[in-house]
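All remarks here apply to the structure that follows.
The values are calculated or read from the model by the stated rules, or taken from the named source; none is laboratory data. Being a predicted model, the structure only gives us computed values, none of them experimental. FYI the Cβ positions are ideal-geometry reconstructions off the backbone, even for glycines, and counts take in every protein chain you see. Only protein heavy atoms, including side chains, enter the accessible area calculation; ligands, DNA and RNA are left aside. Shrake-Rupley method; radii C 1.70, N 1.55, O 1.52, S 1.80 Å.
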Amino acid sequence: MKNIAMIPVRLGSKRVQNKNLRLIAGKPLIAYIIESVIDSGVFDKKDIYINSEASVFKNIADDYGISFYKRPDRLSKDDATNDDFVLDFISNVNCENLFQFLSTSPFIDASHIR
């Protein structure tokens, strides 16, 4: 089975500007979930994706050696739903099972994922 991990993020948060890039203990918020997913050993690194409209997240994906999926800009607006960007993703990335991990859950560690 082809298992894919997806971390959806967008740059345009209304309530907390650039929240996924905010530093917490010297690391951007998104780094915590990326590291947990990698450390879990459940997914090949090439099967871990950051899903975003913003190229700054491609740079982060490259730094961690994981994949980046550039979603259409229209799916990064306030009215885009999780269902909208998941459907776009699975329509374009080969997978049988999709596991979604949120950057806003920095306390999920590798053992939780396993």
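Going by what's in this entry, would Leu98 be described as of a type outside the set (Lys, Arg), open to solvent by 50 Å² or more (accessible area, probe 1.4 Å) and not in a loop (DSSP other than H, G, I, E, B)? Full working, then the answer.
Numbers: of a type outside the set (Lys, Arg): yes; open to solvent by 50 Å² or more (accessible area, probe 1.4 Å): yes; not in a loop (DSSP other than H, G, I, E, B): yes.
Considered against the rule, which asks whether it is of a type outside the set (Lys, Arg), open to solvent by 50 Å² or more (accessible area, probe 1.4 Å) and not in a loop (DSSP other than H, G, I, E, B), Leu98 comes out as yes.
Which of (1) open to solvent by 30 Å² or more (accessible area, probe 1.4 Å); (2) in a loop (DSSP other than H, G, I, E, B) does Ile90 not meet, given it meets every other one?
(2)
Exactly one condition in (1) out of contact with any His (no Cβ under 9 Å at 6 or more places or on another chain); (2) in a helix (DSSP H, G or I) is false for Phe107; which is it?
(2)
Does at least one position in the stretch 51-62 carry a residue that is under 13 Å from Ala31 (Cβ atoms), touching a strand residue (DSSP E or B) at 6+ places or on another chain (Cβ under 6 Å) and without any contact (Cβ under 8 Å) to a residue 60 or more places away in the chain?
Yes, the stretch 51-62 contains at least one residue that is under 13 Å from Ala31 (Cβ atoms), touching a strand residue (DSSP E or B) at 6+ places or on another chain (Cβ under 6 Å) and without any contact (Cβ under 8 Å) to a residue 60 or more places away in the chain.
Quickly run through the stretch 58-85 and pick out the residues that are closer than 19 Å to Val42 by Cβ and either part of a helix (DSSP H, G or I) or among the β-branched types (Val, Ile, Thr) (or both).
The answer is Ala61, Tyr64, Ile66.
What tally of residues in the stretch 35-55 results from selecting those that are outside any loop (DSSP other than H, G, I, E, B), surrounded by fewer than 15 Cβ atoms within 10 Å (Cβ to Cβ), of a type outside the set (D, E, K, R) and at pLDDT 95 or above?
Going through the stretch 35-55 one residue at a time, the tally reaches 0.
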